[in-house]
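Taking it in order: structure first as structure tokens, then the write-up.
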Amino acid sequence: MWAYIRFELKNTLGYPIAMIVGGILPLVLVLSNYHATGHAALDQATAKGVFVTLLPMVPLGLVILPFTISFARDMTSGITNRLVLFGYTLTRQLLAKFIAVLLLVLSMTTLYWVVLSQMLPLPKLSLLALVMIYLSMICLAGGLYLLAFAIAQVFEGFNMIQGIAMLCYFGIAFTTGSMGVSQVPAGVTQLSRWIPFKIFRETLRAQWQGQQLAGFQDELLQMGVFILITFALYCLAKRYRRLKKRPV
Amino acid sequence: MLMLDQVTVRYGDQVALDLQSKIQIADGDIVGIIGRNGAGKSTLIKALTDQVAYTGQIDKPTDIAVHLQENHYPDTVTCQTILEGLLQTTYRRDQKLQALVAFFEFAPLLKRKFQQLSGGQQQRLTIMMVLYQDAALTCFDELSTGLDFETRQQLMSKIKAWYAEKPATILMITHYFDELEALANQLLIIEQGKMLAYGPTTALFQEYVGAAAVIVAAPELDLVLPVGARQIAGESGTTAIGCDSPTTQQAVIALLNQAGVAFTATRLNLTLIYLNVLALHQTVKAG
């Protein structure tokens, strides 16, 4: 299986859009949004603010856009089916793709943390907070991955899926406050609350040097709910696809 | 062994395949599957590989390797990555893969991406992966379609050489009958989803053509044929003569030589089998 995961890793790395949107863009946005005032406490708070605000953009950028588009392309051109005939069931393909994209998310998270720790006046993270960052990234990557798969299964055609993926990417980014605060209808705001970006930011900001797991309890709970919801969407999308494709 | 019993595949109201009989394919058989476009040949492979739902029964080996009409791979990785990833191996350490790559003269192409390969090179990549699997059953679906004559010949001679010493069961769909003449020992003819004929190529030739045949390169022949010889269905622009024995064939040849007519003598010709099976089927259908 490792050889196949390596294949999927190289395949994912082959999409420059993934590295730009998920790797470089969050870093650029952090650095362009941080302005030093000369006041140490204020600068530290600002640095923490931009750090936590844009960190969820890493899994969002690495999963939603490149994965959805590459998976749609694979489905349209018959690559998915070709791999099934080589013995890689859809579940195995998805698992390998997820491990590949997760490795990228964790690598980019590390890069984000290391680079910004050097460039911004960030206070030292507690070990627990650091572990929780990685755990949250895994949860977000998992949930967004399931959502991306659901999009690729429900919609037909490469251009349509690409359009929906972009809509989701920018929609999530704007409604969760990752790209500024936007005036959106109340219903959209309610919907976006199920995407646990806000609680992740608030918890990390409050528990930056936290030593108690209890401080992360609510966030973990909401991450769990997010995964459950996206898993339900994944199952529905898979069932929808099966019913639609099933020969009579 | 592969067994297909009353296998039917429907797409909505359309019956794509309705074999209506039992087909048994023994281990080591190389079966050529022929028929018009849309006859149900590829659907048969799809049913075998669970790509479509079917009714009826299929007893098949657990490991099946398939070469599809069109095989695509990601354009983001090199051919070596595709080979290593999908075959779960490492090229440097895998002598079997190295031998296959050398056999198909693919080493200079390993660092290229799939889209950078020509049609024949793309086919070779999939064929290498299919052969590597050493599956109990291998299916080739129009592997040489779209390739130029020379590439097609090279590919077929490679496959023939590869299987020369191997006891493999192969299903091969093609519109190029000469490819089957070189490889297949069994023939399955499908028309409009139905099986018209199945059996050893030599037996089908005997049944539908005769013990031997002569093909004259003229649409009409103004000669009285000897006893035991009859005009049968042949390719457009030719006249085909079926003979009940090699002696009759010799008599026909002598007659044609006397008349100074160009001809080809044959004792196995899949085109003649196919055309005469179709002709018989149409006669029966017409009542």
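The values are calculated or read from the model by the stated rules, or taken from the named source; none is laboratory data. Values in this document were obtained by computation on a predicted structure and should not be read as measured data. Here the Cβ is made from the backbone with ideal geometry for all residues, glycine too, and neighbour counts use every protein chain on show. Side chains are part of the model used for accessible areas, which takes the heavy atoms of the whole protein and leaves out ligands, DNA and RNA. Shrake-Rupley method; radii C 1.70, N 1.55, O 1.52, S 1.80 Å.
Filter the cross-link list B:Lys96/B:Lys158; A:Lys48/A:Lys198; B:Lys111/B:Lys160 down to pairs whose alpha-carbon distance in this structure exceeds 25 Å. Result: B:Lys111/B:Lys160 exceed 25 Å. Assuming charge only on the beta carbon of Lys and Arg (+1) and of Asp and Glu (-1), the dipole of the range A:2-242 about its Cα centre is about 540 debye to the nearest 20. Translational diffusion coefficient of chain A (Stokes-Einstein, Kirkwood radius from Cα pairs, 20 °C, 1.002 mPa s): 113 µm²/s.
Residue separation of A:Leu243 and A:Ser126 scaled by 0.36 nm, minus their Cα-Cα distance, works out to 37.2 nm of gained length.
Association of chains A and B removes close to 2100 square angstrom of accessible area from solvent, both sides included, for a probe radius of 1.4 Å.
Taking amide H atoms as placed 1.01 Å from N in the peptide plane, the amide H of B:Thr169 lies under 5 Å from those of B:Gly28, B:Thr138, each 5 or more residues away in sequence or on another chain. The translational diffusion coefficient of the range B:210-268, from Stokes-Einstein at 37 °C and 0.692 mPa s with a Kirkwood hydrodynamic radius over alpha carbon pairs, comes to 299 µm²/s.
Note that the range A:57-132 shows a convex hull volume over its alpha carbon atoms of 99 Å³ per residue. Using a Gaussian network model of chain B in which every pair of alpha carbons under 10 angstrom is joined by a spring, one finds that among B:Phe106, B:Phe205, B:Phe177 the greatest mean-square fluctuation is at B:Phe106. The accessible-area loss of the range A:6-27 on complex formation, taken against its chain alone with a 1.4 Å probe, reaches 40 Å² or more at A:Phe7, A:Lys10, A:Asn11. Could you sort the residues of the range B:85-114 by number and keep only those whose accessible area is reduced by 40 Å² or more in the all-protein-chain setting relative to the chain alone, 1.4 Å probe? Going by heavy-atom accessible area, the residues of the range B:85-114 that drop by at least 40 Å² are B:Gly85, B:Leu86, B:Gln88. Axis angle, to the nearest 10 degrees, between helix A:217-245 and the longest C-alpha principal axis of chain A: 20 degrees. Cross-link partners of A:Lys97 among aspartates and glutamates, defined as those whose alpha carbon lies under 15 angstrom from its own and excluding same-chain residues fewer than eight positions apart: A:Glu8, A:Asp74. Only protein heavy atoms count here; on that basis, with a 1.4 Å probe, B:Arg230 has an accessible area of about 120 Å². For B:Ala99 and B:Arg230, the difference between the fully extended length at 0.36 nm per residue and the C-alpha to C-alpha distance is 42.1 nm. Using the 1.4 Å probe convention, the accessible area of the range B:168-287 works out to 47 Å² per residue with neighbouring protein chains retained. At the listed q of 0.27 Å⁻¹, the Debye profile of the range A:156-216, built from one uniform point per Cα, gives log10 I(q)/I(0) equal to -1.06. Backbone N atoms of the range B:198-215 closer than 13 Å to the 7 Å Cα→Cβ label point of B:Glu181 belong to residues B:213-215. Here the range B:13-31 is scanned for amide nitrogen atoms under 16 Å from the site 7 Å beyond the Cα of B:Lys166 along Cα-to-Cβ, giving B:27-31. To check you understand DSSP bridge types, tell me what percent of the beta bridges within the protein assembly as shown (both residues inside) are antiparallel, rounded to 5. In the protein assembly as shown, approximately 65 percent of DSSP beta bridges are antiparallel ones. For the range B:245-262, backbone nitrogen atoms closer than 19 Å to the point 7 Å from B:Leu280 Cα along Cα-to-C-beta are found at B:245-246. With a cut-off of 14 Å between beta carbons, the residues surrounding B:Gln24 carry a summed charge of -2, where Lys and Arg count +1 and Asp and Glu -1. Within the same chain, lysines fewer than 8 places from B:Lys194 are excluded, and of the rest, those with a Cα less than 18 Å from its Cα are B:Lys22, B:Lys41, B:Lys46, B:Lys285.
Residues of the range A:72-86 whose accessible area (probe 1.4 Å, heavy atoms of protein chains only) drops by at least 20 Å² once all protein chains are present, relative to their chain alone: A:Ser77, A:Ile79, A:Asn81, A:Arg82, A:Leu83, A:Leu85, A:Phe86. With the full set of protein chains in place, find how many percent of the accessible area of the range A:55-176 is carbon and sulfur; take the probe as 1.4 Å. The value for the range A:55-176 is 75 percent carbon and sulfur by accessible area. The angle between the Cα long axis of helix B:149-163 and the longest principal axis of the Cα atoms of chain B comes to about 80 degrees, rounded to the nearest 10. Mind checking which of A:Pro123, B:Phe177, A:Ser192 is farthest towards the positive end of the protein assembly as shown's charge dipole, using Cβ charges of +1 (Lys, Arg) and -1 (Asp, Glu) about the Cα centre? So the residue we want is A:Pro123.
Using a 1.4 angstrom probe on heavy atoms only, work out the carbon and sulfur share of the accessible area of chain B in %. The nonpolar share, carbon plus sulfur, comes to 48 percent. Given a Förster radius of 25 Å and the C-beta distance between A:Ser107 and A:Met166 as r, what FRET efficiency does 1/(1 + (r/R0)^6) yield to the nearest 0.05? Between A:Ser107 and A:Met166 the formula returns 0.55.
Solvent-accessible surface of the range A:2-242, averaged per residue with a 1.4 angstrom probe and all protein chains in place: 45 square angstrom. For the range B:53-201, compute the orientation-averaged projected area of the C-alpha convex hull (one quarter of its surface), in nm². Approximately 10.3 nm², given one-decimal rounding. Expressed per residue, the C-alpha convex hull volume of the range B:37-114 stands at 147 Å³. If you wrap the tightest convex hull around every Cα atom of chain B and split its volume per residue, you get 156 Å³.
The value for the protein assembly as shown of Rg(Cα) / (2.2 N^0.38 Å) is 1.32. Taking the Cα centre of the range A:107-226 as origin and assigning +1 to Lys and Arg Cβ atoms and -1 to Asp and Glu Cβ atoms, the resulting dipole is close to 240 debye.
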